[in-house]
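Working notes for the structure below.
The values are calculated or read from the model by the stated rules, or taken from the named source; none is laboratory data. Just so we're clear, the structure is a prediction, and the values are computed from it rather than from any experiment. So basically every Cβ, Gly included, is an ideal-geometry build from the backbone, and we count neighbours across all protein chains shown.
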Amino acid sequence: MNVHIGLNVKNLEESKEFYRKFFSMDPVKVKEGYVKFLTSEPNLNLTLTEVDRVEGNTINHLGVQVNSKEDVSLHKERLEKEGFFAKEELNTTCCYAIQDKFWVTDPDGNEWEYFYTKQDVDTKDGSPCCAS
């Protein structure tokens with residue numbers, strides 16, 4: 001089973017390159033105005049469709065949950081080597097959990113987090129993942 005996310009993007013080539021680096025893999029399909037990535041870690045079917053305008057952000061954020069704090073660090077280092085700016089948050093309370101995470105932003109402003117949940121808590125907090 002794969003989760004499917006279909007994103008509208010303004011610049012297909014720029015977004016394709018972002019996600020190639022983000023997932024550390026090439027897309028499985030490239031057509032005019034369309035790119036598809038299939039990943040196994042996590043199981044994801046991500047499609048990018050080029051449109052004239054991307055307006056508003058109805059997505060709060062997107063994320064990849066990993067199994068350890070070490071996994072967070074490995075992905076952060078990997079993406080920084082690719083030239084990404086990664087905003088790190090350690091021991092942060094967000095979305096009723098204590099987490100270690102970092103954030104990167106795609107060319108259309110969609111925020112992605114890699115995160116590890118240390119423990120559940122009873123407070124939501126006001127950080128970006130919980131804003132709204």
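Some points to look at:
- Elements of type strands (runs of 3 or more DSSP E) in the range 1-48, at least 2 residues being of a type in the set (S, T, N, Q) and either in contact with a Ser or Thr (Cβ under 9 Å, 6 or more places away or on another chain) or outside the structural domain of E113 (by TED's automatic domain parsing) (or both): 34-40
- Of all residues in the range 1-33 being in contact with a helix residue (DSSP H, G or I) (Cβ under 8 Å, 6 or more places away or on another chain) and not acidic (D, E), the one that is farthest from N110 (Cα to Cα): V30
- Conditions (1) in contact with a strand residue (DSSP E or B) (Cβ under 9 Å, 6 or more places away or on another chain); (2) modelled with pLDDT under 95; number of the one not met by S132: (1)
- Enumeration of residues in the range 87-106 that are within 16 Å of Y19 (Cβ to Cβ) and buried (at least 17 other Cβ atoms within 10 Å of the Cβ): W103, V104, D106
- Complete set of residues in the range 9-42 that are among the hydrophobic types (A, V, I, L, M, F, W, C) and either within 18 Å of R53 (Cβ to Cβ) or buried (at least 17 other Cβ atoms within 10 Å of the Cβ) (or both): V9, L12, F18, F22, F23, V35, F37
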